[in-house]
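Working notes, beginning with the structure itself.
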């Protein structure tokens, strides 16, 4: 219990430092964007490559991942049904909302949580693989096909993974793991050194992005953002627990990993997707902020209960 709470205390302390940096613009107006790009383009891919390169294929496909994937699919499907048949939203808006309700912040927050709370980054690696190699390409393909004034582009869809450095890092690490080759320590050391910056920089960027947000302001899509946040912070981890505990019969660290990864807040990439395709941008922005704040409480409760 003490180790779990200490882990979260470290995470929120660094995030608070990032908030203060952003609040007083200590790194200038572009500081958040620069750090976020550094994490996204360099540090996180290096961390994922070095982690996956030392893993085994069997270690990536775990029962905990199965619980996470099933809970993700159920929650995303639930939001899609509500958005399309109750709110009569367009396909693009419904897809962005489904991502808000199910696409977790596995990189910026999941990696620190796995490092400090679960004690091993490899717990979150399978989640990242599922999201960046399966969930994100499918969602982006739908958004690409439904975006205004954009014709379907098979070439664009095929080249999508090549434009995402996290996808490339995961794919390269998976290729090494599947090959059975164990890279020498001298080869992995530069990746480990650069990758070690991913966790603290991601937390700083997360904190720096919070000042100025007004997620509780009245808006036409206010009900949609609250539904998305409830599904993300409460329903998805509850489903993961039920599936992991009573269907897959998981206990101990595996059960904790399944529920904690499912309880992570909405990924900031969802706002990036929404902005790029001009679909439900305010919904994505507010869902990211609200779920991040709510997860600060729910993750501690879950970890204290199951840890």
Taking 120, 286 and counting other beta carbon atoms within 10 angstrom, the fewest-first order is 120, 286
Peptide ranges 63-73, 256-266 listed from the most packed, as the mean C-beta count within 10 angstrom indicates: 256-266, 63-73
With each pseudo-label sitting 7 Å past Cα toward Cβ, what's the residue 16-residue 275 distance in nm, one decimal? 2.8
Mind putting together the pair-distance distribution for the chain? All Cα pairs, 10 Å bins, whole percent per bin, short to long. 6, 28, 37, 24, 5, 0
Would you compute, from DSSP H runs of 4+ residues alone, the mean residue ellipticity of the chain at 222 nm, taking -39500 (n - 2.57) per run and dividing by the full residue count, rounded to the nearest 500? -20500 deg cm²/dmol
Convex hull per residue volume in Å³, alpha carbons only, for the stretch 182-307: 167
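No lab work stands behind these numbers, since they all come straight from the coordinates. Since we're looking at a predicted model, the values are computed, not measured. In this analysis, Cβ positions are derived from the backbone assuming ideal geometry, glycine residues included, and neighbour counts consider all displayed protein chains.
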